[in-house]
Amino acid sequence: MKGKFIFNHRIAPTFFHLGIHCPEIAEKAQPGQFVMVRVREGGDPLLRRPFSFYRIRKKHVEIMYEVVGKGTQIMSAMKKGEEIDLLGPLGKGFTITQGMKKAVLVAGGAGVAPLLALGERLKGTADLTLYLGAKTASGLLSVHEFEALGKVVVATEDGSKGYRGMITDLIEHKVKVKMHGLHLFSCGPRPMLKKVSAFARRNGFPCQVSLEAYMGCGIGACLGCAVKVKTGKGQADYLKVCTDGPVFESSTVVFE
Ligand SMILES: Cc1cc2nc3c(=O)[nH]c(=O)nc-3n(C[C@H](O)[C@H](O)[C@H](O)COP(=O)(O)OP(=O)(O)OC[C@H]3O[C@@H](n4cnc5c(N)ncnc54)[C@H](O)[C@@H]3O)c2cc1C
Ligand code: FES
């Protein structure tokens, strides 16, 4: 399916905010799902690249991406009006239930991307707090966008903004066990998700995490994105991040 670039702005030294007109995908997309992008025709790069929905609108979707390699470099040079080949929406997104009155979103670095779409969907139904962590102040992304949705608390490892230290230490102090009906949602580096998951388990909070994995196909065919999970009997098994996720109940994931 073709999508047309409607904007592609640099928002931080290595980050871009991209809008793609694609009504067929926009009308079906859910927070936490993703799209596979073929950055250009031909065989290089060969594989499509996965990106979460950062915003979902009626006729377009938005992506926030970091330039890390060839594919994202090519995307960053593309201009308004250019077309791109998309496959999506794919995967299983966040599960939103009616009883969610308080939601705490915990993001590390670029992990804000799927959480903004989720926050926009939850606004008006749940009381939202976003905990946003980065190495340094310039890595704190989408702060203003989240301030429009709820309370934002930031932490930086070097102390250049907000709490000095890890965002996972901050939630230990701030998110209290007595907050009944609270749901945690998190996206970011695996070590951070492991700590958020352990915090949720200790305190009895339901918690959903959005995982990343190397994806060859995005549709369950290549088995490249397997993640270790617990089965009901306490044994380990594997699920596919692309079709069983990328969003999982944190209690099912084996973080090694
Ligand atoms: C479900 C899902 C959603 C994602 N959403 C976003 C998003 O919203 N914004 C965003 O910036 N990125 C997102 N990513 C990561 C994004 O897909 C990769 O950064 C992108 O594919 C890199 O392509 P490239 O050609 O520029 O880099 P490559 O040349 O392929 O790789 C450059 C470097 O990035 C690393 N890398 C590449 N892909 C991944 C990956 N999947 N996981 C971890 N490291 C990787 C490589 O090891 C290498 O060091 C998502 C990944 C998944 C699986
Ligand atoms: S990316 Fe191919 S099976 Fe998940």
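Of everything in the stretch 19-34 that's in contact with a Lys or Arg (Cβ under 9 Å, 6 or more places away or on another chain) and under 23 Å from Val209 (Cα atoms), which residue is surrounded by the fewest Cβ atoms within 10 Å (Cβ to Cβ)? Steps first, answer last, please.
Residues of the stretch 19-34 that are in contact with a Lys or Arg (Cβ under 9 Å, 6 or more places away or on another chain), as a first pass: 19-23, 26-27, 30-33.
Going one step further and asking which of them are under 23 Å from Val209 (Cα atoms), we end up with 26, 30-33.
Working: Ala26: 20, Gln30: 18, Pro31: 24, Gly32: 26, Gln33: 24.
Looking at the filtered set, the residue picked out is Gln30.
For the stretch 230-249, which positions are touching a Ser or Thr at 6+ places or on another chain (Cβ under 6 Å) and away from ligand 1 (no atom under 16 Å from the Cβ)? Can you show your working first?
We begin by selecting, within the stretch 230-249, every residue touching a Ser or Thr at 6+ places or on another chain (Cβ under 6 Å); these are 230, 237, 246-247.
Residues satisfying the conditions are Lys230, Asp237.
Go through the stretch 210-222 residue by residue and tally those that are hydrophobic (A, V, I, L, M, F, W, C), over 29 Å from His180 (Cβ atoms) and within 10 Å of ligand 1 (Cβ to nearest atom). Walk me through it before giving the result.
Step one: of the stretch 210-222, the residues hydrophobic (A, V, I, L, M, F, W, C) are 211, 213, 215, 217, 219, 221-222.
Restricting the remaining residues to those that are over 29 Å from His180 (Cβ atoms) gives 213, 215, 217, 219, 221-222.
Filter once more, so that each one left must be within 10 Å of ligand 1 (Cβ to nearest atom): 213, 215.
Selection size over the stretch 210-222: 2.
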- Considering residues of the stretch 231-256 that are within 16 Å of ligand 2 (Cβ to nearest atom) and hydrophobic (A, V, I, L, M, F, W, C) only, the residue nearest to Asp44 (Cα to Cα): Cys242
- Task: Run down Lys176, Lys194, Lys228 and say which single residue is within 16 Å of ligand 2 (Cβ to nearest atom), out of contact with any His (no Cβ under 7 Å at 6 or more places or on another chain) and basic (Lys, Arg).
- Result: Lys228
- State all residues of the stretch 168-211 that are among the aromatic types (Phe, Trp, Tyr) and part of a helix (DSSP H, G or I); if no residue qualifies, say none. Phe199
- Name every residue in the stretch 35-59 that is part of a loop (DSSP other than H, G, I, E, B), surrounded by fewer than 17 Cβ atoms within 10 Å (Cβ to Cβ) and of a type in the set (Lys, Arg), in order of residue number. Arg40, Arg57, Lys58, Lys59
- Message: Being under 17 Å from Val254 (Cβ atoms) and either more than 13 Å from ligand 1 (Cβ to nearest atom) or among the acidic types (Asp, Glu) (or both) is true for just one of Cys207, Cys225. Which residue is that?
- Response: Cys207
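Assess whether Leu149 counts as being part of a loop (DSSP other than H, G, I, E, B) and either in the same structural domain as Ile171 (by TED's automatic domain parsing) or among the β-branched types (Val, Ile, Thr) (or both). Can you show your working first?
Values: part of a loop (DSSP other than H, G, I, E, B): yes; either in the same structural domain as Ile171 (by TED's automatic domain parsing) or among the β-branched types (Val, Ile, Thr) (or both): yes.
Yes, satisfied.
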- Message: Given the criterion buried (at least 22 other Cβ atoms within 10 Å of the Cβ) and under 27 Å from Met36 (Cα atoms), identify the matching residue among Leu182, Leu193.
- Response: Leu193
- Task: Give me the pairs, please: first residue somewhere in the stretch 96-109 and within 16 Å of Lys176 (Cα to Cα), second residue anywhere and at pLDDT below 85 and not in a strand (DSSP E or B), beta-carbon distance under 8 Å, and either six or more positions apart or on two chains.
- Result: Lys101/Gly181; Lys102/Met179; Lys102/Gly181; Val104/Val175
- Task: Would you please name the residue that is modelled with the lowest pLDDT, looking only at residues in the stretch 226-256 that are over 28 Å from Arg49 (Cα atoms) and in a loop (DSSP other than H, G, I, E, B)?
- Result: Gly234
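The values are calculated or read from the model by the stated rules, or taken from the named source; none is laboratory data. Everything quoted here is computed from the prediction, not taken from an experiment. Note: ideal-geometry Cβ built from the backbone for every residue, glycine included; neighbour counts use all protein chains shown.
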